[in-house]
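**Q** Just passing along the structure, written as structure tokens.
The values are calculated or read from the model by the stated rules, or taken from the named source; none is laboratory data. Not measured: the values here are computed from a predicted model. Cβ placement follows ideal geometry from the backbone for every residue including glycine, while neighbour counts extend to all protein chains displayed. Note: areas computed on protein heavy atoms with side chains; ligands, DNA, RNA excluded. Shrake-Rupley method; radii C 1.70, N 1.55, O 1.52, S 1.80 Å.
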Amino acid sequence: MTREPSNMLHLHPRLFVARPYLPPRQEFDKYLDEIWDNRILTNYGLLHERFRAELSQFFDGANVTLTANGHLALDIALHVLDAKGEVITTPFTFASTTHVLTWNGLTPVFCDIKENDLTLDPDKIEALITEKTSAIMPVHVYGHFCDAEKIDAIAEKHGLRVIYDAAHAFGVRVDGKSIASFGDVSMFSFHATKLFHTIEGGALVYKNSDLCDLYEASENFGFCKGEHVYIGTNAKMNEFQAAMGLAVLPEFDTLIKERKELTARYTEHLSDIKGVRCLANENPRVTHNYAYMPILINANSFGRTRDNLFQELAKHNINCRKYFYPLISDYKAYHGQFDSGLTPIAAKAADEVLCLPIYNGLSINDADRVCNIIRGLYNG
Ligand SMILES: *Cc1c(COP(=O)(O)O)cnc(C)c1O
């Protein structure tokens, strides 16, 4: 690698950890024309229903309830499945997973995660179950498949509900079937920064058709077939969101292909640097979505802390993210309520993790530049 003089750093464009994908403008405009023709902006319009049908097919024919965002989808799932008391979950996630519990008066009980993929450790769940436990809320973090068969079996044995936070896992398949085929329900986020998006948006995907009316009504003030049968919130997806979803969905395979190439490049160029561990998805059962590019920095071997690496990369205009730091149990908002010492693997991961830039439009050269800078910073 040729060293860049420091006065040339600004010639490189800023790299972000994630950037929203924008579909070809004509594709989106096509749907806008329909909105203008139909003059329906929300409340289960034509585009909403078409998008729902396409997603249902994408999810192997499962039921799909579209929502205004992923967080409200989790909120609805907790209500529909009548979660009460304590919910066993992971502290190594985005704020939403825990806040949706506490916001609803439920108590999160944090279970530690597995060292290999940072998903909930099923072997540590049963010790946390009490008579107040009503549900388990695991996260397919970075799109990594949780040990869902074990988790679902534990839930069944103890009569618990399972709500998968699959915000990162759109398009992930396990043994050829959709990742949404586990648990009672899976929540997907279509936020602009997620690999598939509807600007803001989300979906609940579930098999139990008996609950369709309740899921649908819960996001529309409890309104069902002309009557207020239930109590509900307002979390409907509008036609503009559905239009974006319809325009992005056909691009999905191409988007994944680009991300796969970037991931392979990062992994190839980083894996021989001491103290850098690429958190690649190695589960042979899983078709991955390459949603994120997390690495773990062992400060002793690498010769620098994760925080130091983060700052050095920022000097080169490379904006990474410490996803997920701090652990939720260490949030100021929860001061004094939880002990992150009880989830040591999660605590260690929060101190070591760094998510590198990965998005459609990021070039292989950009990834190489990030790798070269990291290599140059190795201080072992
Ligand atoms: C993005 C995200 C959410 C929330 O989704 P929104 O669509 O932004 O409301 C929930 N959980 C996780 C793990 C997320 O990354």
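**Q** Give the cross-link partners of Lys157 among the lysines, using a straight C-alpha distance below 30 Å as the criterion and excluding same-chain residues fewer than 8 apart.
**A** Lys84, Lys114, Lys124, Lys132, Lys177, Lys207
**Q** With labels modelled as points extended 7 Å from the Cα through the Cβ direction, what inter-label distance (nm, one decimal) is found for Lys30 paired with Glu282?
**A** The answer from the label model is 4.3 nm.
**Q** Further question: Evaluate E = 1/(1 + (r/R0)^6) for Asn104 and Lys315, where r is the Cβ-Cβ distance and R0 equals 30 Å; express this FRET efficiency to the nearest 0.05.
**A** After rounding, the FRET efficiency stands at 0.10.
**Q** List, largest first, the extents of the alpha carbons of the stretch 132-179 along their principal axes, each in whole Å.
**A** Here the spans come out as 33, 19, 12 Å, largest first.
**Q** Where q = 0.14, 0.16, 0.17 Å⁻¹, what log10 of I(q)/I(0) comes from the Debye formula for the stretch 177-317, counting one point per Cα?
**A** -0.89, -1.02, -1.08
**Q** Just subtract the alpha-carbon distance of Glu268 and Asp82 from 0.36 nm times their residue separation and send over the number in nm, one decimal.
**A** Details: separation 186, 0.36 × 186 = 66.96 nm, distance 4.62 nm.
Difference between extended and current length: 62.3 nm.
**Q** How many percent of the accessible area of the chain is carbon or sulfur, using a 1.4 Å probe? All intermediate terms of the calculation are to be shown ahead of the outcome.
**A** Values: 8720 of 17140 Å².
Accessible surface attributable to carbon and sulfur in the chain totals 51 percent.
**Q** Kirkwood Rh and Cα-based Rg: tell me the resulting Rg over Rh for the stretch 104-153, rounded to two decimals. Provide the component values of the computation, followed by the final result.
**A** On the way: Rg = 11.2 Å, Rh = 11.7 Å.
That ratio equals 0.96.
**Q** Still on this model: For Glu227 paired with Ala192, estimate the spin-label separation in nm (one decimal), with each label point 7 Å from Cα along the Cα-to-Cβ line.
**A** For the pair Glu227/Ala192, the computed spacing is 4.3 nm.
**Q** Take the alpha-carbon positions of the stretch 25-250, form their convex hull, and give its projected area averaged over all directions (one quarter of the hull surface) in nm².
**A** 12.4
**Q** Give the span of the stretch 291-343's Cα atoms along each principal axis, as three whole-Å numbers ordered largest to smallest.
**A** Taking max minus min along each principal axis of the Cα atoms, the stretch 291-343 gives 38, 24, 22 Å.
**Q** Now for a different question. State, to one decimal in nm, how far the label point of Ala127 lies from the label point of Lys332, with both points 7 Å from Cα in the Cβ direction.
**A** 3.3
**Q** Starting from the Cα of Phe252, move 7 Å in the Cα-to-Cβ direction to define the label point; list residues of the stretch 116-153 whose amide nitrogen is under 12 Å from there.
**A** Within reach of a label on Phe252: no residues.
**Q** Convex hull over the Cα atoms of the stretch 313-380, averaged projected area in nm²?
**A** Its Cα hull, projected and averaged over all orientations, spans 6.6 nm².
**Q** Turning to a different aspect of this structure: Taking a probe of 1.4 Å, how large is the accessible area per residue of the chain, in Å²?
**A** Per residue, the chain has an accessible area of 45 Å².
**Q** If you split all Cα-Cα distances of the stretch 1-105 into 5 Å bins from zero, what percentages do you get per bin, shortest first?
**A** 2, 8, 11, 12, 13, 13, 11, 10, 7, 6, 5, 2, 0
**Q** Could you pull the Cα extents of the chain along its three principal axes, largest to smallest, in whole Å?
**A** Projected onto the principal axes, the Cα atoms of the chain cover 69, 55, 38 Å.
**Q** Provide, as a two-decimal number, the C-alpha radius of gyration of the stretch 137-220 over 2.2 N^0.38 Å, N being how many residues it has.
**A** Normalised Rg, Cα atoms only: 1.11.
**Q** Quick one: if the Förster radius is 45 Å, what FRET efficiency do Ser340 and Tyr44 give, using the C-beta to C-beta distance and rounding to 0.05?
**A** Plugging the Cβ-Cβ distance into 1/(1 + (r/R0)^6) gives 0.55.
**Q** Follow-up question, since we're still on this one. State the extension gain, in nm to one decimal, for the chain segment bounded by Ser363 and Ala95, taking 0.36 nm per residue of separation less the distance between their alpha-carbons.
**A** Here the answer is 93.4 nm.
**Q** Take the chain, mark every one of the GluC sites (Glu not before Pro) that falls in a DSSP loop and has at most 15 other Cβ within 10 Å, then report the longest stretch left between them, sites excluded. Could the numbers behind the result be given before it?
**A** Numbers: sites that count: Glu115, Glu131, Glu282.
My reading of the result: 132-281 is the longest stretch.
**Q** Now a separate question. Most mobile of Leu262, Leu11, Leu46 per a Gaussian network model of the chain (Cα springs, under 10 Å)?
**A** Its mean-square fluctuation being the largest, the pick is Leu11.
**Q** Calculate how steeply helix 70-80 sits against the longest principal axis of the alpha-carbon atoms of the chain, using the helix alpha-carbon long axis, and give the answer as 0 to 90 degrees to the nearest 10.
**A** 40
**Q** At q = 0.09, 0.10, 0.11, 0.17 Å⁻¹, what is the log10 ratio I(q)/I(0) for the stretch 252-377, with the Debye formula run over Cα points and no solvent?
**A** -0.28, -0.35, -0.42, -0.92
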